[in-house]
Amino acid sequence: MADLEIAVIGGGVVGLAIGARLAEDHPQLVVLEKNEQYGMETSSRNSEVIHAGIYYPPGSLRARLCVEGREELYAICKANDIPHRQLTKIISASVPDDTDKLDAIAANAERNGVHLERLDRTATLALEPNINTFGSLFSPTTGIISVHALMDHFHRTIAERGGMVQTRCRVVGIERVSGGYRLHLDEQGTHSAFEAEIVINAAGLESDTIAALAGIDVDEAGYRLHYVKGSYFAIVPSKAGLVTRLVYPVPTDEGLGVHALLDLGGRLKFGPDVEYLPDRSPDFRVDEGKRPAFSASIRRILPTISDGDIVPDMSGVRPKLQQKGGPLRDFIIVHERSRGLTGLVNLVGIDSPGLTSSPAIGRYVESLLFG
Ligand SMILES: Cc1cc2nc3c(=O)[nH]c(=O)nc-3n(C[C@H](O)[C@H](O)[C@H](O)COP(=O)(O)OP(=O)(O)OC[C@H]3O[C@@H](n4cnc5c(N)ncnc54)[C@H](O)[C@@H]3O)c2cc1C
């Protein structure tokens with residue numbers, strides 16, 4: 001007989017959302033988090049954007065869970081007073097050639113069930129008079145959220161439903177036992193173990209390591225993660241009013257491109273860029289040497305910004321399955337029955353739009369386990 005029904009490894013927004021969903025019918029649940037607080041890793045180092053679901057390949061988990069998660073997230077925010085704003089976004093063509101690409105983006109979005117409005121140059125400038133534009137797509141459903149308030153809400157929900165979140169508790173071993181898994185824990189030097197029938201791996205940047213602890217060959221399975229840093233530069237407060245919504249360039253093969261982000265306090269920043277790291281010990285400082293490249297990218301959107309108007313801000317690290325220059329990869333969210341690991345669910349490569357998708361990921365994991 002296991003000690004508990006469910007153990008979720010990882011107290012980021014995804015692990016907490018899964019915990020909150022499952023605790024409703026399965027209160028014998030614990031979320032295990034190695035840090036002193038939940039949500040201290042990727043979940044507190046991101047753009048805090050509620051994405052519409054525009055760019056992801058139709059039919060992918062990213063597309064589906066983003067669209068479902070976005071709707072649910074707005075409902076959760078409204079019902080629980082979680083700070084958020086449906087700020088809207090435009091994807092702006094900053095050179096005439098980019099205008100052709102807008103139609104393809106709108107068509108992809110439509111296949112994902114996301115309607116975008118095509119705006120000509122005049123209509124775009126009526127919304128954002130300070131940007132350089134030849135026309136744009138307007139996304140009415142994009143917004144911003146306080147991810148900390150969202151995680152606090154999931155944390156409270158877990159507790160109210162009878163589950164718990166155990167911090168300072170690192171999972172260091174996973175053993176298959178009859179009826180479940182024995183998890184070996186390191187709680188600041190004190191070692192212990194307990195058994196759970198179901199284990200959910202939502203360990204973010206360490207989710208491939210956790211899969212390996214469960215006996216999976218991560219290279220053979222295609223679970224190996226690459227650490228991809230994204231840095232941001234903030235715009236000086238005197239120029240923070242130059243845009244009033246999120247403004248993105250037309251994406252390239254490299255990614256979405258450095259874009260204009262506003263937070264709930266009205267701060268304007270640009271980012272994140274894409275930097276594949278050579279190892280797995282990220283340095284979160286923003287490299288001052290990136291200033292010229294950043295200010296050049298920013299000027300494509302806001303021509304009046306000079307090098308002196310930007311200051312290094314924050315950075316985050318994406319747990320990416322996609323190799324540098326390699327094909328796009330979808331989220332991996334799998335109940336590992338076919339590997340003989342019934343009761344183990346792995347979530348690997350949950351980079352953007354993981355925050356937006358989090359409530360839908362909770363439902364998806366529930367359906368994988370309980371039908
Ligand atoms: C720069 C950047 C910008 C982004 N912008 C957006 C955005 O605007 N909108 C959006 O929807 N998404 C965005 N994302 C993606 C989003 O932030 C992530 O998808 C989401 O935060 C992932 O949450 P998580 O819970 O899976 O991971 P994490 O937040 O990393 O949580 C995993 C947790 O597991 C814990 N853990 C790891 N190993 C162990 C262990 N052995 N034992 C116990 N605990 C362990 C870690 O300490 C960590 O707290 C962005 C990401 C980045 C990097």
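The values are calculated or read from the model by the stated rules, or taken from the named source; none is laboratory data. On a predicted model such as this, the values are computed, not experimentally measured, just so you know. Here the Cβ is made from the backbone with ideal geometry for all residues, glycine too, and neighbour counts use every protein chain on show. Areas reflect the complete protein model, heavy atoms only, side chains present, ligands, DNA and RNA absent. Shrake-Rupley method; radii C 1.70, N 1.55, O 1.52, S 1.80 Å.
Below are the figures for this structure:
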{"quantity": "Separation of the His191 and Gln323 label points, Cα + 7 Å toward Cβ, nm", "calculated": "3.6 nm"}
{"quantity": "Centroid-to-centroid separation of segment 144-206 and segment 266-307 [C-alpha atoms, Å]", "calculated": "34 Å"}
{"quantity": "C-alpha center-to-center spacing [segment 220-257, segment 314-371] in angstrom", "calculated": "21 Å"}
{"quantity": "GNM top mover of Leu29, Leu242, Leu225 - the chain, alpha-carbon springs below 10 Å", "calculated": "Leu242"}
{"quantity": "Mean projection area, nm², convex hull over Cα of the chain", "calculated": "18.3 nm²"}
{"quantity": "Rh by Kirkwood over Cα pairs, then Stokes-Einstein D for segment 66-209 at 0.692 mPa s and 37 °C, µm²/s", "calculated": "168 µm²/s"}
{"quantity": "Å² of accessible area per residue within the chain, as computed with a 1.4 Å probe and no ligands counted", "calculated": "42 Å²"}
{"quantity": "Among 287-293, 359-365, the order from most to least packed when residues are scored by Cβ within 10 Å on average", "calculated": "359-365, 287-293"}
{"quantity": "Summed residue charge, Cβ within 11 Å of Glu197's Cβ, Lys/Arg positive, Asp/Glu negative", "calculated": "-3"}
{"quantity": "Helix axis angle, 147-160 relative to the chain longest principal axis, alpha carbon, degrees", "calculated": "30 degrees"}
{"quantity": "Beta bridges by DSSP in the chain, antiparallel share as percent, to the nearest 5", "calculated": "70 percent"}
{"quantity": "Highest to lowest packing among 295-303, 337-345, scored as the average C-beta count within 10 Å", "calculated": "295-303, 337-345"}
{"quantity": "Three-way shape call for segment 1-55 based on the alpha-carbon gyration tensor, with the a/c threshold at 1.5", "calculated": "oblate"}
{"quantity": "All lysines inside 18 Å of Lys320 as judged from Cα atoms, apart from same-chain residues fewer than 8 positions distant", "calculated": "Lys229"}
{"quantity": "Bins of 5 Å from zero: percent of alpha-carbon pairs in segment 64-144", "calculated": "3, 14, 21, 20, 16, 13, 9, 3, 1"}
{"quantity": "Listed residues Gly204, Gly39, Gly189, most fluctuating in the chain (Gaussian network, C-alpha, under 10 Å)", "calculated": "Gly189"}
{"quantity": "Accessible-area composition of the chain, carbon plus sulfur, in percent [1.4 Å probe]", "calculated": "50 percent"}
{"quantity": "Karplus 3J(HN,Hα) series, Hz, for segment 101-117 with 6.51 cos²θ - 1.76 cosθ + 1.60 (x for Gly, Pro)", "calculated": "6, 4, 5, 5, 5, 5, 5, 4, 4, 4, 5, 8, x, 10, 8, 10, 9"}
{"quantity": "Centre separation in Å (Cα based) which lies between segment 75-114 and segment 1-65", "calculated": "24 Å"}
{"quantity": "Spin-label zone in segment 96-114 - amide nitrogen under 14 Å from a point set 7 Å from the Cα of Thr252 along the C-beta vector", "calculated": "98"}
{"quantity": "In sequence order, calculated HN-Hα J values of segment 223-238 (Karplus, 6.51, -1.76, 1.60; Hz; x Gly/Pro)", "calculated": "9, 5, 8, 10, 8, 10, 7, x, 9, 10, 10, 8, 8, 4, x, 5"}
{"quantity": "His184-Asp25 pseudo-label distance in nm [points 7 Å out on the Cα-to-Cβ vector]", "calculated": "3.4 nm"}
{"quantity": "Helical contribution to [θ] at 222 nm, DSSP H n ≥ 4, -39,500 (n - 2.57), averaged over the chain, rounded to 500", "calculated": "-8500 deg cm²/dmol"}
{"quantity": "Binned Cα-Cα distances of segment 106-189, short to long, each 10 Å bin given as a whole percent", "calculated": "13, 19, 21, 15, 18, 12, 2"}
{"quantity": "Whole-number percent relative contact order across the chain, with pairs defined as alpha carbons under 8 Å at least 6 apart", "calculated": "24 percent"}
{"quantity": "Net charge over other residues, Cβ less than 15 angstrom from the Cβ of Gly340 (K, R count +1; D, E count -1)", "calculated": "-1"}
{"quantity": "Segment 119-133 - phi-based ³J(HN,Hα) in whole Hz, Karplus 6.51/-1.76/1.60, Gly and Pro as x", "calculated": "10, 7, 4, 5, 5, 5, 5, 5, 7, 10, x, 9, 8, 8, 8"}
{"quantity": "Arg224/Thr304 FRET efficiency (R0 51 Å; Cβ-Cβ; nearest 0.05)", "calculated": "0.70"}
